[in-house]
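The values are calculated or read from the model by the stated rules, or taken from the named source; none is laboratory data. Remember, predicted model here, so these are calculated numbers, not experimental data. Heads up, the Cβs are rebuilt from the backbone with ideal geometry, glycines too, and the neighbour counts pull from every protein chain shown.
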Amino acid sequence: MKFVLIIWVCSFLGGANQCFPPLESSLLYDSWYECSRDAHTHSKKILATIGFKKVNEGQLATKYHCRLVPIY
């Protein structure tokens, strides 16, 4: 079994949880640990790309899921 990383950028402005369409990694991970660890690395890069001002104004953050993918 492998894991695929899925990341959403969401706005938590006003208590809402509105997310943009998910970004799915093309990499497959051998473990939940590796996938979860990489989620934080990718999240930091995504937020840096969006920029300080937009992240603050939209109260943006990321959430992620490591989905199990059966390999045949």
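When the residues of region 22-45 are filtered to those that are polar (S, T, N, Q) and part of a strand (DSSP E or B), the one that is surrounded by the fewest Cβ atoms within 10 Å (Cβ to Cβ) is Ser26. Filtering Ser26, Ser31 for residues that are on the phi < 0 side of the Ramachandran plot, at pLDDT below 95, over 10 Å from the mean Cα position of the chain (by Cα) and among the small types (Gly, Ala, Ser) leaves a single hit, Ser26. Filtered by the rule that a residue be modelled with pLDDT under 95 and loosely packed, with under 11 Cβ neighbours inside 10 Å, region 47-72 gives Pro70, Ile71, Tyr72. Within region 22-33, at least one residue is among the small types (Gly, Ala, Ser) and over 11 Å from Cys66 (Cα atoms).
Residue-level analysis places Leu5 among those that are surrounded by 12 or more Cβ atoms within 10 Å (Cβ to Cβ), touching a residue at least 60 places away in the same chain (Cβ under 8 Å) and part of a strand (DSSP E or B).
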